[in-house]
Structures are given as C-alpha cells and as structure tokens.
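The values are calculated or read from the model by the stated rules, or taken from the named source; none is laboratory data. These figures come from a predicted structure and were not determined experimentally. So basically every Cβ, Gly included, is an ideal-geometry build from the backbone, and we count neighbours across all protein chains shown. Just the protein is used for accessible areas: all its heavy atoms, side chains included, with ligands, DNA and RNA removed. Shrake-Rupley method; radii C 1.70, N 1.55, O 1.52, S 1.80 Å.
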Amino acid sequence: MRCRRVVCQECALTWDGVNHCRACLELRRGQTRGGRSWLRWVGWAALTSVLFLATGWAMAWTVGLWARRG
Amino acid sequence: MSLPRGVTPGAVDLLDEGLERVTRAWGAVGAFWMLALPARVALVELILFATAPGGRSAPLLERSYGVLALGLLTVYGRVALGRALSARPPVPPDRWRILAVPPGGYARAVTASLAVLLIAMLLGFTVLAPLALLPLLGLVAVAPGERPLTLLSGPGRLLGLHLLLLPGLLVVAVNLHGLVSLVATALSSVLPGDPQRLARALALQNPRYLALLLGSVSLCIEPVWLGALTAHVEAARARTGGEDLRVWLEELRARAPRRAA
C-alpha cells in the first residue's frame, strides 16, 4: 500500500498481487490516463499541423488553378 | 414539433427539423455568425486576390493559411452550434455555456474538417468532387468523432436534403440582394456624395459585392443546414443503435393489449 494506511481486507483492492486502497488505485489510474492523454494530444497536434500545412498549400494551388481557368 | 426518437425522417422532415431547431437556438446562431464571418470575408478576399491580374503565388499561400486559421474559428462555431441544435427540451440550448465546447470534440472536428478540406482541394480540378464533399464538413462538425458509416447512412436522404437547400440558397440570395438594394437606395437620398458610386459598388457585376453576397447567403443558410444535419445524425444513430427498433417494439406492445381486449 503506497499511503501506508491500514485498510481492512474487504476494502483492499488487489492489483498485480499488491493490495491498494481505493484512493491509491484511483490515483494510479489517473496517472496512467494522464500520461496517455498527454501523448494523445501531442499526436493530435502533430497530425493537425501536418494537415494544416498541406491543406493551406492545396488551397492556394486550387484557388490559383480556378483563377487561371476563370 | 420535434421528430419522435427512433423515427427515420425523410429529406423534407430533416429540413423542417433543422428550421425548428434553429428557432430554439438563436443565441448560438448569432455566436456562430460572429465566429464564421472573418473566415468568409478572408475567403472572398483570397478569391478576389487570385483572380486579380498579377496575383503572385507566395501571397496566395500566406492568405490561404490565413483563411484556414480563421476557419478554425468557423469550426468552433459549427461545433458549438451543433451542440446547441442537438439540445432537447428541457435542456435550454440558448445559454452561453453552449460555447464551452469540449476540447476533445473540437480537436476531432478540426482534424476531420482539415482532412475533408485537403481531399476537396486536391480534387479541386474536377470542380464537382469538392462540392460533393461539402456535406462532410458540416457532418464532422455537428457529430465529431462519429463513425463515417453513421454519418453517411441514408445517402439518398442526404442528397435530397441538399437538393432542397439549393432553391433555398437562390431565394435567400434574391431576398438579401433586394434588401441591400433597398437600404442603399434609402441611404443614397440621405447621405451626401455621388449616389451612382454606391449603386455601382452594390451591383451584381461588381465581383467583390457578388462574392460577399454569396458568402452572406451561405452564412444565412448554414444554421438551417447544420440543424438538418444534426437531425440526420441523430436519426442515423437511432437506427444503428437499435433505438428505432426499441420504439417500434414499444408501439407494438402498446397495441397488443388493445387487440386482446
């Protein structure tokens, strides 16, 4: 148990063979989610930046093409 | 009156539903107009710049990025309006908190909108393909993160909705041009200066005025379009989630005791 608090057998939650109290386990889950969500946002930012650059270039190309046709 | 949950609406029902939803969310419509106007004006300027003689490619690229950056505000407005349009009574859709869009939903809408725009621009040489992709821009904003199969279910209904909106665009354009001409005529008699100059600026032969008029027409019709698309997505969700079957079974169960009696 990370918090060293005494918890009865019924209230203890076992994870990977180690007993945790509910608060500690929720904290661990939050840390895991936080790490994943941070990575997800970085991935989103990279993908969106690439899409933004490519779309801007394609828009300039298309508008130029239509203007030459018109 | 709202369509009951689970019922598959037709194109006319979607349009009716879209109009009704817009009347319940005027605050969000106003916010959308304010957010979408800068990108619309920037797009008009970009097109006029490209068609002007001597238009160079480097400023065209910079201006395209400017349009896209302002377009992010439009996407925000669309997502917020989509949330307001999908709110059902007793949830009030007209509070300012509707503008507090969840970051995840906005991020998905931005990525999907950019992807759709990129494909549309790359197919720009075909002219018709970008037009066919336009409904997707609205769909990914009103239902960010929704599966493409759900968004595009009932393609005939979607096509019918857009065919119904085409004469609507024409009617709005005629009315808006008439209104602008009336106001200009009234102002020209009051304001000092050359009245012919104002008349020339507000003539359909003036490309800037024509482009701004078309941009304004699209802004007028867009909330109704988004409302109809929201209704379409909700109907598609009900169908894929089995809610329409649940409603149908409930109706059958309700009829059964009457028959037995």
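Okay, here's what the table says:
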| item | result |
| --- | --- |
| Condition met for B:PRO144 (in contact (Cβ under 8 Å) with a residue 60 or more places away in the chain, under 29 Å from B:LEU46 (Cα atoms) and open to solvent by 50 Å² or more (accessible area, probe 1.4 Å)) | no |
| Within segment B:43-60, considering residues that are within 10 Å of chain A (Cβ to nearest Cβ) and at pLDDT 85 or above, the one farthest from B:ARG208 (Cα to Cα) | B:PRO59 |
| Residues within segment A:15-53 that are modelled with pLDDT under 75 and within 12 Å of chain B (Cβ to nearest Cβ), tallied | 0 |
| Number of the condition not met by B:VAL172 [criteria: (1) touching a Phe, Trp or Tyr at 6+ places or on another chain (Cβ under 8 Å); (2) closer than 28 Å to B:LEU68 by Cβ] | (1) |
| Any hit, segment B:19-42, residues being closer than 30 Å to B:PRO207 by Cβ, of a type outside the set (Asp, Glu), within 14 Å of chain A (Cβ to nearest Cβ) and assigned to a helix (DSSP H, G or I) | yes |
| Only one of B:ALA132, B:ALA186, B:ALA203 that is assigned to a loop (DSSP other than H, G, I, E, B), among the hydrophobic types (A, V, I, L, M, F, W, C), more than 14 Å from chain A (Cβ to nearest Cβ) and without any contact (Cβ under 8 Å) to a residue 12 or more places away in the chain | B:ALA203 |
| Subset of segment B:62-78 [among the small types (Gly, Ala, Ser) and open to solvent by 10 Å² or more (accessible area, probe 1.4 Å)] | B:GLY66, B:ALA69, B:GLY71 |
| Qualifying residue in segment A:54-69 (condition: at pLDDT below 75, out of contact with any Lys or Arg (no Cβ under 8 Å at 6 or more places or on another chain) and not basic (Lys, Arg)) | no |
| Selection from segment B:117-141 of residues that are over 19 Å from the mean Cα position of the chain (by Cα), modelled with pLDDT under 90 and surrounded by 16 or more Cβ atoms within 10 Å (Cβ to Cβ) | B:GLY124 |
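Residue-by-condition table, conditions (1) surrounded by 19 or more Cβ atoms within 10 Å (Cβ to Cβ); (2) modelled with pLDDT under 90:
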residue	(1), (2)
B:ALA80	yes, no
B:PRO90	no, yes
B:ASP94	no, yes
B:ARG97	no, yes
B:ALA100	no, yes
B:GLY104	no, no
B:ARG108	yes, no
B:LEU114	yes, no
